[in-house]
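For reference, the structure discussed in these notes is given below.
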Amino acid sequence: HRHGIAFKHLQNAHALGAVLAKDADRSGAGKFITLYPPSERSLEHCLVSLDEVLGGEHGPYVLSDLRWNAGPLFVRYGAFTDHEVLVDGEALPAIQDLRTGEWVPDRRTAGFHIPPWIELPPFLQRQLDALGHEPPPGFPEITGALHYSNAGGVYTGALDRAEVIVKEARPFAGWTPDGRDAVARLHDEERTLRALAGRVRVPAVRAAFEAHGHRFVALERVPGQPLDRLVATTSPLTAAVSTAAERRAYRDRMLQVLDALRREITRLHAAGVTHGDLHPANVMVDAYGSVSLLDLEMSLP
């Protein structure tokens with residue numbers, strides 16, 4: 001108000017909780033108040049002044065932005081006013097190219113992006129240079145991405161020449177109604193998996209890492225395919241024509257899988273914990289019909 005800088009903010013704590021929830025859009029998570037400084041000089045003044053008051057306060061990393069010092073201040077280049085541009089028939093948020101005056105898509109990705117007509121001022125370039133991009137020592141080689149959410153990501157990778165699944169957890173984001181953020185849940189899942197090793201068929205924990213405040217756990221890649229995919233790809237009822245013998249064989253195989261699943265759940269409960277999120281995508285079935293349980297982040301005693 002004092003400096004006449006336009007800003008917007010979420011209405012209340014409930015709205016803030018909604019954008020930080022596990023199932024919220026990850027591109028907006030962590031944004032509580034957005035300021036629109038009209039010049040680079042004004043931007044630097046805002047960052048320096050607010051950092052004196054807020055510097056180091058905890059908060060999630062805003063994935064689309066560049067962090068100022070230790071946060072919770074972040075910077076992004078984007079549109080100040082609502083405008084849209086059509087791209088392949090889809091209306092996208094737009095920003096004006098200062099070189100041509102043309103309206104172009106305002107990229108809102110999970111990484112900091114600089115429009116091609118912008119040259120970063122030195123005070124921001126220093127922040128970008130200080131980030132660093134080297135992974136922690138021993139970190140797995142990431143080979144692909146399986147899933148993204150406001151809580152983090154799930155990736156395929158290789159560690160010591162073995163295939164692994166790497167789970168990422170963002171601090172202060174991906175909250176669930178039980179009051180845990182993504183990092184707390186991943187810590188809990190890691191402890192649960194280590195405690196269940198040798199007692200229940202679950203992925204083995206291979207390693208754990210911290211990078212930029214995010215928590216990463218490398219897990220054994222369990223062979224097989226998820227139960228939902230197995231049902232969809234092997235059911236004879238998905239074919240135009242099937243025989244009674246094929247249907248009986250499928251039924252018998254699925255009953256064997258269900259028996260194996262019951263045994264693992266019984267072992268899990270005997271170990272003193274629940275699964276917490278049991279559904280077909282979290283059940284892995286190998287070629288022999290053995291079952292493993294995945295994704296125990298919601299597991300409770």
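The values are calculated or read from the model by the stated rules, or taken from the named source; none is laboratory data. Just so it is clear, the model here is predicted, and its values are computed rather than measured. Don't worry about glycine lacking a Cβ; one is built from the backbone with ideal geometry, like all the others, and counts go over all protein chains shown. Heavy atoms of the whole protein, side chains included, go into the accessibility calculation; ligands, DNA and RNA do not. Shrake-Rupley method; radii C 1.70, N 1.55, O 1.52, S 1.80 Å.
Leaving ligands and nucleic acids out of the surface, order His83, His1, His147 by accessible area at 1.4 Å, largest first.
On the way: His83 70, His1 190, His147 100 Å².
Ranking His83, His1, His147 by accessible area, largest first, yields His1, His147, His83.
Between Ala130 and Asp286, what is the label-point separation in nm under the 7 Å Cα-to-beta-carbon projection?
4.9
Which of the GluC sites (Glu not before Pro) found in segment 89-173 are in a DSSP loop and have at most 16 neighbouring Cβ atoms, other than their own, within 10 Å?
On the way: sites: Glu90, Glu102, Glu119, Glu141, Glu163, Glu168; in loops: Glu102, Glu119.
For GluC sites (Glu not before Pro) across segment 89-173 that sit outside H, G, I, E and B with at most 16 neighbouring Cβ atoms in 10 Å, the list reads Glu102, Glu119.
Where a ≥ b ≥ c are the square roots of the eigenvalues of the C-alpha gyration tensor, would you call segment 1-138 rounded, which needs a/c under 1.5, or, failing that, prolate if a/b is larger than b/c, or oblate?
Numbers: a/c = 1.24, a/b = 1.18, b/c = 1.05.
Here segment 1-138 falls in the rounded category.
Using a simple spin-label model with points 7 Å from Cα along the Cα→Cβ vector, what separation in nm is obtained for Arg262 and Asp23?
Here the answer is 3.1 nm between the modelled labels.
Length gain on complete extension for the stretch Leu86 to His9, per 0.36 nm per residue less the alpha carbon to alpha carbon distance? Display every interim value, and only then the final one.
Details: separation 77, 0.36 × 77 = 27.72 nm, distance 2.77 nm.
Result: 25.0 nm gained on full extension.
Restricting to DSSP H runs of at least four residues, report the calculated mean residue ellipticity at 222 nm for the chain, -39500 (n - 2.57) per run over all residues, nearest 500 deg cm²/dmol. Display every interim value, and only then the final one.
Details: 6 runs with 83 residues, N = 301.
The helix contribution divided over the chain gives -9000 deg cm²/dmol.
How many Å² of accessible area per residue for segment 50-151, probe 1.4 Å?
It amounts to 63 Å² per residue over segment 50-151.
Report the extension gain between His1 and Thr34 in nm, rounded to one decimal, defined as 0.36 nm multiplied by the number of residues separating them, less their alpha carbon distance. The partial results should precede the final answer.
On the way: separation 33, 0.36 × 33 = 11.88 nm, distance 1.34 nm.
Full extension of this stretch gives 10.5 nm more.
Rounded to the nearest whole Å², what accessible area per residue is found for segment 161-301 with the 1.4 Å probe?
Values: 7490 Å² over 141 residues.
Ligands and nucleic acids excluded, the figure is 53 Å² per residue.
Once the Cβ-Cβ distance between Ala158 and Ala244 is put in as r, and R0 is 51 Å, what FRET efficiency do you end up with, to the nearest 0.05?
E between Ala158 and Ala244, to the nearest 0.05, is 0.70.
Using a 1.4 Å probe over the heavy atoms of the protein chains, calculate the carbon and sulfur portion of the accessible area of segment 149-301 as a whole percent.
Numbers: 4370 of 7830 Å².
Exposed carbon and sulfur together represent 56 percent of the surface.
Between Leu16 and Ala70, what is the spin-label point distance in nm, taking each point 7 Å from the Cα along the Cα→C-beta axis?
Using points 7 Å along Cα→Cβ, the separation is 1.9 nm.
Less than 9 Å Cβ to Cβ from His113, Lys/Arg counted +1 and Asp/Glu -1: what total charge do the surrounding residues give? Before the final figure, lay out the partial values.
Values: positive: Arg76, Arg107, Arg108; negative: none.
After counting each charged neighbour, the total is +3.
Output wanted: per-residue J couplings in Hz (rounded whole) for segment 64-76, from phi through Karplus 6.51 cos²θ - 1.76 cosθ + 1.60, θ = phi - 60°, x for Gly and Pro.
Listing the rounded values in order: 7, 10, 9, 6, 9, 6, 9, x, x, 8, 9, 10, 9 Hz.
Can you compute the FRET efficiency between Thr143 and Arg199 using 1/(1 + (r/R0)^6), with r the Cβ-Cβ distance and R0 = 25 Å? Round to the nearest 0.05. Spell out each step's value before the answer.
On the way: r = 30 Å, r/R0 = 1.21.
With R0 = 25 Å, the Cβ-Cβ based efficiency is 0.25.
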